[in-house]
Structure formats: structure tokens, C-alpha cells
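Undergrad: Please see the structure below; I have some questions.
The values are calculated or read from the model by the stated rules, or taken from the named source; none is laboratory data. Just so it is clear, the structure is predicted and the values come from calculations on it, not from any experiment. Neighbour counts run over all protein chains shown; Cβ positions are idealised from the backbone, glycine included. These accessible areas exclude ligands, DNA and RNA; they are computed on the full protein's heavy atoms, side chains included. Shrake-Rupley method; radii C 1.70, N 1.55, O 1.52, S 1.80 Å.
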Amino acid sequence: MNHPTALDTETFDTAVENPTVGIDQAVGDFTYDVKYAFDAGSGLGENTVRYISSVKKEASWLLDFRLAALKTFYAKPMPTHWATKDLDNINFDKIRYYLSQGQTPKRTWDEVPDDIKRTFERLGIPEQERKFLAGVEAQFDSEAAYSNIKEIVSKQGVIFMNSTEALREHPEIFRKWFGKVIPTGDNKFSALNSSVFSGGSFIYVPKGVKVAQPLQAYFRINAENFGQFERTLIIADEGSEVTYMEGCTAPKFTTSTLHSAVVELVALKGAKIQYITVQNWAPNVYNLVTKRGLAHEDAEIKWIDCNIGSRLTMKYPGVVLKGRRARGEVISIALANDGQHQDTGAKMIHAADETTSTIISKSISVGQGRATYRGQVHIPKHLKGCKNNTECDALLINTNSRTDTYPAITVRGDSHAVQHEASVSKVNEEQIFYMQQRGLTEGQAMSLAVNGFVNDLVRQFPMEYSVELKRLIDLEMEGSVG
Amino acid sequence: MSSLEIRDLHVAIDSKEIVKGLSLTINSGEVHAIMGPNGTGKSTLSKAIAGHPDYRITQGDVLLDGRSILELEPDERARAGIFLAFQYPSEIPGVSIANFLRAAVQARMAEGEELEATAYYKRLYQKMDMLKIDRKFTSRSVNDGFSGGEKKRCEILQMAMLEPKFSLMDETDSGLDIDALRIVAEGVNTLRGPGLGVLLITHYQRLLNYIIPDQVHVMYDGRIVKTGDKSLALELEARGYDWVKTELAHA
């Protein structure tokens, strides 16, 4: 789970507004004062990195890894030649890079603003989780709620812990793949994450083990896991199967404005990994995440990704199809509301014969929201019998909504099958009138049209997520009419 | 007992007046047919009553049980009991008929009141049985890829579920084949009763072979120019709309 809830204080100048829209980016901000046991202060430097590493009592190889990453971070330019200029508004000196477990917060439930309570209510967030998400409780007592899952999976030999613990207790398992799927220097933000990461989940599923229930980051939420720079590594050994879910549809109330995670998946021969994300960020968050999986022979990796909220999200889950007959799939839904830019997509790198990949992306742009699809499919000449199917559909709600599509498909060789379909549609007046004539308000009609648009993808989410997602779309659409 | 009263109604699209002073009162339990040549304002009338934003009412009034509905939003009019069976119903991809109707039924409930799923489906299946509609039908997306007949069936089912006080059925020029015609006719005849008033808009007399109207109105150039019983429809069929035009010219 990577909600950066109210764990951070001011990270950006309030003067740094999204230049493209005149709306108040501070809406959705929600903080309270907490004293942290460990606090690396703000700003980034070798001292920050050393401090984080020492607090975590890390092995020296890990400190060296972090320090090298810091150098890479400094050396790498911002990807502004293709990406939005809004990235330049990130002020790295104002960010706090590490905060550890806090004390009991002073805020009480009565002090939580009514509109936030209402949002939780309408999203159907359980009572206990509401308090945590609103920052009333620093700890979510998840052990009680989910400990049976932990018990069951540990009996199967599954290792499921946070990054710090995992690297300390099982370096023999995790070090081999750590930073290998996404090297430090992959991009500026993966380098940043590599130097200051904390929190996140490390999972190892032994050979042939099929984990029946999805593993949820929920079950061990604590302050650290809500960090901005979490690091996740999932290794599914030969023939094993695992599903991982992160996030939830509740909005995260925070002023921490940079979230930059790295998620690496390794599916060994014949293994299957499904990674599900549903995130709803506050409208002031930069969400810059690198996610990639490595699929060996006959392995399958599937990313199901839903992005709602944030000021700017840049995320392109990828699969490197390394072994013969490996399969990769990315299913993504993005909703860009006023003042938001969802720059999402997928990468499929075919590196073996008879590998197949599927990308289905649906985006919704509301008001002045902007959705960008960026896809990369790479099939080199020397391979045989590879297949890719890419489908991206965009739905525009208002006349000033915007969508762009940048598919980069490089296919060489003559034994491959590649399909690409794209569509842009607009909710039309006649459709809305038709629904209104049946008694739905304009807002309800709009929600229903949007839910219909993403329905075939939402059905692939686990039940509780799809229900929440529908409600969330209803909430997001409410302000879009008039 | 309800009434829908259209009083000296004038309707314009952009600045062009289409309906030019039309008056008509329908009571519960009555079926009125409006016939007329193409472009005479029949569909405009139904859209304007339902509150389509492109149709501007420049004069006159529409009263439901004595109260004007012109200030109401389209959805408020719908919830007040006005149903429009569309000539060309919109497609809503990804939304099943069952879920769409559920949302529409829910919209009619008081705030905080939750629709009870079991009871809803029981009622839905009752209506489907009554209209001889296959159970699988409601799992399809609303009108998405439907044939003309299926669209009509979908409209009739919605009408049955929403139980309006008045149904405006716009069948003009829709080129209904004989199947679609029967679906509409059987639907109306099944739902016909003391609680429902129907305004049936049709270009051809043949629909009236299946639905016997209480009154037939001939519309021409934005007005009702002749009213009679079902024999008027037959006379129209025999003599054509030119007869009306000629008669008007002499009047």
C-alpha cells in the first residue's frame, strides 16, 4: 500500500502552481502535526542517504548502492524533451526524504473536515480504515484484520515483509534481483528512489506455490509503508502464482507532493504474477512511478493499473518478455479531472520467440483534464512468432478536455502479428438526454456513461475494488456537469 | 386520474418555429394518435414536452395534473411521470439494460432509500414475462448493436418498468418493419390501462390497425388541423395527406 497519508509536511512552495490551470492546487491538502522518531530533515544530499541507511541498520553494500544511486540521480537530466514541463516545478530541496514511525497524532475524528468524512462514507471505506486515512490513527491495526492471511501464506513458505526487513533478513533471496529489473540509472526518478527508498513490499513465492488469496499491502500498513519512495520486489519462483494488490480508492490527504516508487517483478519459468493498483491521489501530488516485470519462459505478468487524481502521474508499467512463450499484459484505466495530467501507458519488450503481449488502455478526461497514452512495443528482427495487441480508447467528457496518444511500435522481422486500435469518443448530448429522460440527473447520466466505458476493464478487478471504483467514478463525475 | 394538457404550445429550434400553437389534453387511460406528414412537427412536440435542451418553447404551456412542467429539468419531468419512447434511442456501451433500469428505478426513490435487489429483479422478470422478452436480453448493453426491433423492445420494457403516467411514443418515419410494429403494438396494448395515457406519434395508419386509439389528431404545419376517432385514420389512409392540405386551403 502506498498512500502517502499525512506523514509529511510542506514539500513545495505554495507558489508553484500548475501553470496550465488556474485552480487551487492546495485543495485536497490535509495535514496534521506529528512528531517523528526519525526525520531526515528536508533536502537531499549524501548525509540524507547515510542517515536513512543508518536508521535502517543496513548492510554496507546497500549503503554503497544508495550512494551510487544518488550520484546517478544528480547526473541524470529531467526527461523534459518528451515529457511535460511541469516536472520542472518539482523542488527537490524542499522534499523530506525520510520519516519514520510517528507518535500518536493529536487530531481527533471530530476535527476531520466533514467533506472528507462524507467522501469516506460514500466510498464505503471501513470505519477503522477511515480513521487511519484521515490521519486520526497513525497505525492501522491491520494485524487483527489480516493476520490470518499472513499466517496462511507463511505456512506455504511465502516471504512477505517490508523492504528493510527483507534485505536484512533474506539478502540471499532478494539481493539477486534487487535493482536488476529496473536498474538505478533507468531514469532520474528510479535513481532517486534507489538512493532514498523506504517501505514497500518484498515478496518471495517458492517453487510451485499458488497463493490462493491476493496479498494486500493493506495488511501491514504502518507509517513507513506510506512513504513516498517505496520499493517493491516480487519474486515468483518456478511454477508459482501470486496476486498482489496495492492502494485503495480512498483519496490520500497529504501535502507530500512527490511520490516516486519502484516496483520490480520477477516471474521465473512458468510463474504467474498479477499486480493490481488502484490509486486516487490528492490533486497536488506528482506520482512518478517505475514499474517493470521480467517474464521468463512460459511465465506471465499482468499489470492492472488504475490511476485517479494527482497533479501529474507518469507511469508506464512494462514487461520484458525474456523467455520463450512468455506473456505480458497491461490493463489500465486513467481518469484525469480538472488540472490533472495522467500520462500513462505501457511498455512491452519482446526478447524471445513466441512471446505475446496485450495492452488495453482506457482514459477519461474531464473538464480541463488531460490524458496521455504513451506506449512502447518492441519486437526485434531476429525473433519469430511474436504477437502484440494494443488497444487504447479515450473518452472526453467536456469540450475542453484533452487526450493524446503516442504509440511507439517497433516491429522488425516478418513472422510477427501486431494489432493496434485506438479510438476517441465523446459523451454526447443525445446520450445524456436519453438517460435524463429515464429519470437520471445529468451527473448520474455522465457517471453511468463513464462506468459503461470502463466496465469491461473494471470487471477484471477484484470485487471490492470494482465496487469502490464505480463509486469513485460517480464522485469524480459529480463536478463535471453544469 | 391524471391529465396532460398542452396549451397553445409554440416550439422553435434555433430561431425557426416548428410547432405553432398546439393544444391537446390527454387523460389517464386514453390513447391519442397524432398523424401527419413528414416535417410537420410531430417529433418536435414530443421532444419539447420531454425537455430536450435544443427545443425552445416560445409560447404556451404544458401542464401535468394542472401544474406547469416547463421549468423542470428533463430528469425531473421523467420522474414526474413523463416517458418518451425514442424514435432513435441512444446506445450506452458497457451499461446493461438491467443496470440502467436499476439506476432509473433508484433515481425515483427517496434520498437514503436503497433499492432492494431481489425485489427489483423479481419485478423486472415479471415485466419481461408479461412482454414475452427473453431473460438474456437485459444483460446486453443498452441499445448497443441492437436491431430496430430490439430497440423498440428495450423502450417498451423501460416503459413497463418505470410505469409513467404519460407515454409519448415517437414512431414517426422510423421505418418500422412488421416485427417492430408488432412489438410496439403488443407492448402498448399490454400496458394500456386506467393508469396510463398514451400519445402515439405515427406517420402511417398501419400501426393503428394494432392499437386502437381513442382519438386521432391530424397535425399539419405545426398545428392540429383535424380531430376524430379511429375512422379518421382510415380516411387519411385512403385519401392521403394531400386531402388534408386541400381541405385546409379551402378553409
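Undergrad: Is at least one residue of the range A:33-50 part of a loop (DSSP other than H, G, I, E, B), out of contact with any strand residue (DSSP E or B) (no Cβ under 8 Å at 6 or more places or on another chain), at pLDDT below 65 and over 29 Å from A:Tyr406 (Cα atoms)? Spell out how you get there, then give the answer.
TA: Pass one, the range A:33-50, residues part of a loop (DSSP other than H, G, I, E, B): A:33-35, A:37-38, A:40-41, A:43-45.
Narrowing further to those that are out of contact with any strand residue (DSSP E or B) (no Cβ under 8 Å at 6 or more places or on another chain): A:33, A:43-45.
Then keep just the ones that are at pLDDT below 65; that gives A:33.
Keeping just the survivors that are over 29 Å from A:Tyr406 (Cα atoms) gives A:33.
Looking through the range A:33-50, at least one residue is part of a loop (DSSP other than H, G, I, E, B), out of contact with any strand residue (DSSP E or B) (no Cβ under 8 Å at 6 or more places or on another chain), at pLDDT below 65 and over 29 Å from A:Tyr406 (Cα atoms).
Undergrad: Among (1) in a helix (DSSP H, G or I); (2) at pLDDT below 95; (3) within 23 Å of the chain's Cα centre (by Cα), there is one condition B:Ile133 misses while meeting the rest; what is its number?
TA: All conditions are met except number (1).
Undergrad: Within the group B:Arg140, B:Arg123, B:Arg102, which residue is closer than 21 Å to A:Val450 by Cα and more than 22 Å from the chain's Cα centre (by Cα)? Quick ask: steps written out before the conclusion?
TA: Numbers: B:Arg123 fails: closer than 21 Å to A:Val450 by Cα; B:Arg102 fails: more than 22 Å from the chain's Cα centre (by Cα).
One residue alone meets the criteria, B:Arg140.
Undergrad: Of all residues in the range A:402-436, how many are in contact with a Lys or Arg (Cβ under 7 Å, 6 or more places away or on another chain) and at the interface with chain B (Cβ under 8 Å from one of its Cβ atoms)?
TA: Result for the range A:402-436: 0.
Undergrad: Please give the strands (runs of 3 or more DSSP E) falling wholly within the range A:316-433 in which 3 or more residues are among the polar types (S, T, N, Q) and surrounded by 18 or more Cβ atoms within 10 Å (Cβ to Cβ). Talk me through it step by step, then tell me what you get.
TA: Numbers: elements: A:318-321, A:327-336, A:341-350, A:356-365, A:370-379, A:387-396, A:402-411, A:417-426.
Filter on the range A:316-433 gives A:356-365.
Undergrad: Against the conditions (1) assigned to a helix (DSSP H, G or I); (2) at the interface with another protein chain (Cβ under 10 Å from one of its Cβ atoms); (3) crowded, with 18+ Cβ neighbours inside 10 Å, where does A:Ile473 fall short? Just the number, please.
TA: (2)
Undergrad: Output the residue which, of all residues in the range B:49-68 that are facing another protein chain (nearest Cβ under 9 Å) and surrounded by fewer than 19 Cβ atoms within 10 Å (Cβ to Cβ), is nearest to B:Met161 (Cα to Cα). Let's see the steps before the verdict.
TA: Filtering the range B:49-68 down to residues facing another protein chain (nearest Cβ under 9 Å) leaves B:50-54.
Still in the running and surrounded by fewer than 19 Cβ atoms within 10 Å (Cβ to Cβ): B:53-54.
Details: B:Pro53: 25, B:Asp54: 28 Å.
My answer is B:Pro53.
Undergrad: Among residues belonging to the range A:76-91 that are touching a residue at least 12 places away in the same chain (Cβ under 8 Å) and touching a helix residue (DSSP H, G or I) at 6+ places or on another chain (Cβ under 8 Å), point out the one that is surrounded by the most Cβ atoms within 10 Å (Cβ to Cβ).
TA: By that ranking, first place goes to A:Lys76.
Yes/no per residue for (1) touching a helix residue (DSSP H, G or I) at 6+ places or on another chain (Cβ under 6 Å); (2) among the aliphatic types (A, V, I, L, M); (3) part of a loop (DSSP other than H, G, I, E, B); (4) on the phi > 0 side of the Ramachandran plot:
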position	(1), (2), (3), (4)
B:Ile6	no, yes, no, no
B:Leu9	no, yes, no, no
B:Ala12	no, yes, no, no
B:Leu22	no, yes, no, no
B:Gly29	no, no, yes, yes
B:Asn38	no, no, yes, no
B:Leu45	no, yes, no, no
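Undergrad: Right, another one. If a residue has to be more than 7 Å from chain B (Cβ to nearest Cβ) and in a loop (DSSP other than H, G, I, E, B) to count, how many in the range A:437-469 make the cut?
TA: The total comes to 4.
Undergrad: A follow-up question, please. Working only within the range B:124-141, note down all residues that are surrounded by 15 or more Cβ atoms within 10 Å (Cβ to Cβ) and away from chain A (no Cβ under 14 Å). I'd like the intermediate steps shown before the answer.
TA: Looking only at the range B:124-141, we keep the residues that are surrounded by 15 or more Cβ atoms within 10 Å (Cβ to Cβ), and these are B:124, B:127-128, B:131, B:133, B:137-138, B:140-141.
If the condition is that a residue be surrounded by 15 or more Cβ atoms within 10 Å (Cβ to Cβ) and away from chain A (no Cβ under 14 Å), then B:Leu124, B:Lys127, B:Met128, B:Leu131, B:Ile133, B:Phe137, B:Thr138 are the ones that fit.
Undergrad: Then there is this: So for the range A:306-323 (the condition being modelled with pLDDT under 95 and closer than 23 Å to A:Ile203 by Cα), does at least one residue qualify?
TA: yes
Undergrad: With respect to B:Arg79, is the statement that it is surrounded by fewer than 23 Cβ atoms within 10 Å (Cβ to Cβ), of a type in the set (Lys, Arg), at pLDDT 95 or above and more than 17 Å from the chain's Cα centre (by Cα) true?
TA: On the way: surrounded by fewer than 23 Cβ atoms within 10 Å (Cβ to Cβ): yes; of a type in the set (Lys, Arg): yes; at pLDDT 95 or above: yes; more than 17 Å from the chain's Cα centre (by Cα): no.
No: the conditions fail for B:Arg79.
Undergrad: Looking only at the range B:77-108, how many residues end up being more than 9 Å from chain A (Cβ to nearest Cβ), under 19 Å from B:Phe137 (Cβ atoms) and small (Gly, Ala, Ser)?
TA: Number satisfying all stated conditions: 2.
Undergrad: Mind checking which residues of the range B:209-232 are touching an Asp or Glu at 6+ places or on another chain (Cβ under 9 Å) and within 27 Å of B:Ala249 (Cα to Cα)?
TA: Correct list: B:Gln215, B:Val216, B:Gly222, B:Val225, B:Lys226, B:Gly228, B:Asp229, B:Lys230.
Undergrad: Take the residues in the range B:149-178 that are assigned to a helix (DSSP H, G or I) and among the acidic types (Asp, Glu); name whichever of them is surrounded by the fewest Cβ atoms within 10 Å (Cβ to Cβ). If you could, list the steps in order and put the result at the bottom.
TA: Step one: filter the range B:149-178 for residues assigned to a helix (DSSP H, G or I), giving B:149-162, B:178.
Next, only the ones that are among the acidic types (Asp, Glu) stay: B:150, B:155.
On the way: B:Glu150: 17, B:Glu155: 23.
Step by step, filter the range B:149-178, then rank; the result is B:Glu150.
Undergrad: Turning to a different aspect of this structure: Right, A:Thr257: in contact (Cβ under 8 Å) with a residue 40 or more places away in the chain and within 15 Å of the chain's Cα centre (by Cα) or not? Explain how you work it out, then say what you get.
TA: Values: in contact (Cβ under 8 Å) with a residue 40 or more places away in the chain: yes; within 15 Å of the chain's Cα centre (by Cα): yes.
Yes: the conditions hold for A:Thr257.
Undergrad: Any residue in the range A:377-396 that is among the small types (Gly, Ala, Ser) sitting within a Cβ distance under 8 Å of a residue that is in a loop (DSSP other than H, G, I, E, B) and at pLDDT 95 or above? List the pairs, counting only those 6 or more apart or interchain.
TA: A:Gly385/A:Asp353; A:Gly385/A:Glu354
Undergrad: Can you spot a residue in the range A:214-221 that is aromatic (Phe, Trp, Tyr), at pLDDT 95 or above and out of contact with any Leu (no Cβ under 7 Å at 6 or more places or on another chain)? Don't jump to the end; show me each part of the working.
TA: Kept after step one, since they are aromatic (Phe, Trp, Tyr), are these residues of the range A:214-221: A:218-219.
Those left that are additionally at pLDDT 95 or above: none.
No, the range A:214-221 contains no residue that is aromatic (Phe, Trp, Tyr), at pLDDT 95 or above and out of contact with any Leu (no Cβ under 7 Å at 6 or more places or on another chain).
Undergrad: Looking at the range A:407-427 only, could you name the residues that are more than 28 Å from the chain's Cα centre (by Cα) and closer than 18 Å to A:Asp474 by Cα? Give the steps one after another, and end with the answer.
TA: To start, the set of residues in the range A:407-427 that are more than 28 Å from the chain's Cα centre (by Cα) comprises A:411-417.
Correct list: empty.
Undergrad: Just checking, which of B:Glu71, B:Glu111 is within 14 Å of another protein chain (Cβ to nearest Cβ), part of a loop (DSSP other than H, G, I, E, B), over 21 Å from B:Glu171 (Cα atoms) and open to solvent by 10 Å² or more (accessible area, probe 1.4 Å)? Steps first, answer last, please.
TA: Working: B:Glu71 fails: within 14 Å of another protein chain (Cβ to nearest Cβ).
Every option except B:Glu111 fails the conditions.
Undergrad: Name the residue, out of A:Ser201, A:Ser147, that is in the same structural domain as A:Trp61 (by TED's automatic domain parsing), open to solvent by less than 10 Å² (accessible area, probe 1.4 Å) and either closer than 17 Å to A:Val242 by Cβ or at pLDDT below 90 (or both).
TA: Values: A:Ser147 fails: open to solvent by less than 10 Å² (accessible area, probe 1.4 Å).
Matching residue, one of A:Ser201, A:Ser147: A:Ser201.
Undergrad: Looking at (1) charged (D, E, K, R); (2) in contact with a helix residue (DSSP H, G or I) (Cβ under 7 Å, 6 or more places away or on another chain); (3) under 30 Å from B:Tyr55 (Cα atoms), which one does A:Lys426 not meet, given that it meets all the others?
TA: (2)
Undergrad: Need at least 1 residues that are open to solvent by 50 Å² or more (accessible area, probe 1.4 Å) per element, so show me which strands (runs of 3 or more DSSP E) inside the range B:179-251 make the cut, counting only ones lying wholly within it.
TA: Because the criterion is at least 1 residues that are open to solvent by 50 Å² or more (accessible area, probe 1.4 Å), the strands (runs of 3 or more DSSP E) in the range B:179-251 that meet it are B:215-220, B:223-228.
Undergrad: Quick one: would you say A:Tyr465 is touching a Pro at 6+ places or on another chain (Cβ under 8 Å) and open to solvent by less than 40 Å² (accessible area, probe 1.4 Å)?
TA: Details: touching a Pro at 6+ places or on another chain (Cβ under 8 Å): no; open to solvent by less than 40 Å² (accessible area, probe 1.4 Å): yes.
Spelling it out, it is not the case that A:Tyr465 is touching a Pro at 6+ places or on another chain (Cβ under 8 Å) and open to solvent by less than 40 Å² (accessible area, probe 1.4 Å).
Undergrad: Condition test on A:Leu396, is it in contact with a strand residue (DSSP E or B) (Cβ under 6 Å, 6 or more places away or on another chain) and facing chain B (nearest Cβ under 9 Å)? Steps first, please.
TA: Values: in contact with a strand residue (DSSP E or B) (Cβ under 6 Å, 6 or more places away or on another chain): yes; facing chain B (nearest Cβ under 9 Å): no.
Against the criterion (in contact with a strand residue (DSSP E or B) (Cβ under 6 Å, 6 or more places away or on another chain) and facing chain B (nearest Cβ under 9 Å)), A:Leu396 does not qualify.
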